[in-house]
Amino acid sequence: MKHSSGLATGDAEEGEMSILRDAGLAVLLVDVERTVMLASPECETLFGMYGMTGRRLEAVPGGPALATAVGAVLQDGIRRNVKVDLDGRVLEARLGRRRGGDGVVAVLCDATEHYARVRRLEAEAERLAEQQARFRELLTKAPFAVGIHSGPEHVCVFANEEFHNWHPLADPVGTTFDERCFGLENEATRAILDGAFRSGQTQVAKAQAFLNARPGGGSEMRYFTGIAQPYEGPDGTTAGVMTITYEVTEDLRQRQRDELMVSELRHRVKNLLAIVQAVAAFSAIKAADKEDLLARFQERIEAIGRANSQLITSDRGARTLSNLIAQEMEQLGPELQERLAVTGEDPRLAPGLASVIVLALHELINNAVKHGAYSVADGRVAVEVAREDGGYRLAWRERSGSLALPEVPEREGFGVLLLRELIAGEVGGEARLGFRPDGIDYVLRFPVAEGAP
């Protein structure tokens, strides 16, 4: 019976060998001693080595890697895949214990092309990852705000640094539009994103208002221009919206200042023309002949030009009265400047108002130098500014112990007309001009205008 059983076992083994040999696969059968018990013709062709049966596995090309894997399978019985490098070719082997546990069966295939594709895909993936990283860095540092939003609630999935600046209270990534914005106040902005998401068409925003929260509390109105560009998901439907915006708040405010400046310049030019006409008419009345008319007219036009030149080239914002006084006193030098005392309020004057008051200051200073307090060594000037009846009162007073001027001037020149009538009419106030032996007293009352505190 034992002899019969041994024959049966041998027959079974031979049958197994025959099946493996004729399977049409690259099959390798190795015993516990790492000796090749069987190598199918396909296997020998794959290895480029014939007569492999009976050889030690380590003597086969790529055998050391296979021998290591065979030992591991014999030890723990776990099937394994192993890659075998053969002079530029790559084989892949699937190893498992032989039935009965006294050896290992390996099924092999040529995976050269497969691994070549894997390497190409890995290289492409690495290249794409590098490009993505560079692109992400460019977007992150871009001088305009970039946000990528997902779904109809516009959940932010990417925000660059400038986008964070628009949402300073918390990280916008992961938040819906309503969570990161003042929803009710920014309905127009949300409508742009909704329009892009629902229509699948690019939406353009021009000087769009946006109420922006501030870290210290409160809010401010800012303006942006940009686009909302929908993007598709794997199923071809709109998955979200990418926004690219840049702030135009300062540009818009600059445009408003430009428009205001143009308006002020129109008004200023109109005022100057009226004054020039008055100068021409008054000069014609007082002139003795044409040459005298030309001299008088030119002298006064130059005075008006000097009085207005710095205003025309100055900052477009309001000017303080003290700044205007200092501007006109600069031409006199430090000795006369020390003899001027300015007290009281220092209102800010809108450009239109300042352009008129500076004419009065110019006329008062020039008269003081030629005929008044600044024409003598002991003369002094005091300027007092006070609030009065919702406006301001500017008082100019000259004092001197050595002057002896007539209390009624021999003639009233253009300066009197300018100070008493033209200036008062232009500022919408009233003026009083008095003549004393030691100098002029001049009071100008004018209402509070734009730019005044």
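The values are calculated or read from the model by the stated rules, or taken from the named source; none is laboratory data. Values in this document were obtained by computation on a predicted structure and should not be read as measured data. When we count neighbours, we look across all protein chains shown, and the Cβ atoms used for this are built from the backbone with ideal geometry, even at glycine.
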Open item on the list: What's the number of the only condition in (1) modelled with pLDDT of 85 or more; (2) outside the structural domain of Ala209 (by TED's automatic domain parsing); (3) charged (D, E, K, R) that Glu232 fails to meet?
Closed with: (2)
TODO: For Leu265, state whether it is over 17 Å from Ala354 (Cβ atoms) and at pLDDT below 85.
DONE: no
Open item on the list: Just to check your reading of the model, which residue among Glu153, Glu130 is in a loop (DSSP other than H, G, I, E, B) and modelled with pLDDT of 90 or more?
Closed with: Glu153
Task: Contacts under 9 angstrom Cβ, first residue in the range 35-48 being part of a strand (DSSP E or B), partner modelled with pLDDT of 90 or more and of a type in the set (Asp, Glu), 6 or more apart - done: Met37/Asp31
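From the list Ala123, Ala129, Ala65, which one is touching a strand residue (DSSP E or B) at 6+ places or on another chain (Cβ under 9 Å) and either among the small types (Gly, Ala, Ser) or not assigned by TED's automatic domain parsing to the domain that holds Arg180 (or both)?
Details: Ala123 fails: touching a strand residue (DSSP E or B) at 6+ places or on another chain (Cβ under 9 Å); Ala129 fails: touching a strand residue (DSSP E or B) at 6+ places or on another chain (Cβ under 9 Å).
The unique qualifying residue is Ala65.
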- [ ] Starting from residues that are without any contact (Cβ under 8 Å) to a residue 24 or more places away in the chain and over 11 Å from Ala111 (Cβ atoms), keep the ones in the range 71-81 and report whichever is surrounded by the fewest Cβ atoms within 10 Å (Cβ to Cβ).
- [x] Gln75
Open item on the list: Any residue in the range 165-194 that is at pLDDT 85 or above sitting within a Cβ distance under 6 Å of a residue that is acidic (Asp, Glu) and in a loop (DSSP other than H, G, I, E, B)? List the pairs, counting only those 6 or more apart or interchain.
Closed with: Thr176/Glu153
Task: Selection from the range 388-429 of residues that are part of a strand (DSSP E or B) and more than 19 Å from Ser355 (Cβ to Cβ) - done: Glu388, Arg393, Ala395, Arg397, Glu398, Arg399
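Only residues that are farther than 23 Å from Val118 by Cα and at pLDDT 90 or above: list them for the range 80-102, please. Spell out the reasoning first.
Pass one, the range 80-102, residues farther than 23 Å from Val118 by Cα: 96-102.
The answer is Gly96, Arg97.
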TODO: Could you tell me whether any residue of the range 389-401 is over 21 Å from Ser322 (Cα atoms), of a type in the set (Ser, Thr, Tyr), loosely packed, with under 15 Cβ neighbours inside 10 Å and without any contact (Cβ under 8 Å) to a residue 60 or more places away in the chain?
DONE: no
TODO: Return yes or no: is Gly226 assigned by TED's automatic domain parsing to the domain that holds Leu211, among the small types (Gly, Ala, Ser) and under 30 Å from Asn165 (Cβ atoms)?
DONE: yes
TODO: Name the single residue, out of those in the range 40-69 being aliphatic (A, V, I, L, M) and more than 19 Å from Asn81 (Cβ to Cβ), that is surrounded by the fewest Cβ atoms within 10 Å (Cβ to Cβ).
DONE: Ala59
TODO: Filter the helices (runs of 4 or more DSSP H) completely within the range 285-381 down to those with at least 1 residues that are closer than 23 Å to Glu426 by Cα and at pLDDT 85 or above.
DONE: 321-329, 351-370
Task: Residue list for the range 103-158, restricted to those being basic (Lys, Arg), surrounded by 11 or more Cβ atoms within 10 Å (Cβ to Cβ) and farther than 30 Å from Leu86 by Cα - done: Arg136
Open item on the list: I'd like to know if the range 170-180 contains one or more residues that are out of contact with any Cys (no Cβ under 9 Å at 6 or more places or on another chain), outside any loop (DSSP other than H, G, I, E, B) and over 19 Å from Gly218 (Cα atoms).
Closed with: no
- [ ] State the number of residues belonging to the range 389-399 that are modelled with pLDDT of 90 or more and more than 29 Å from Arg257 (Cα to Cα).
- [x] 5
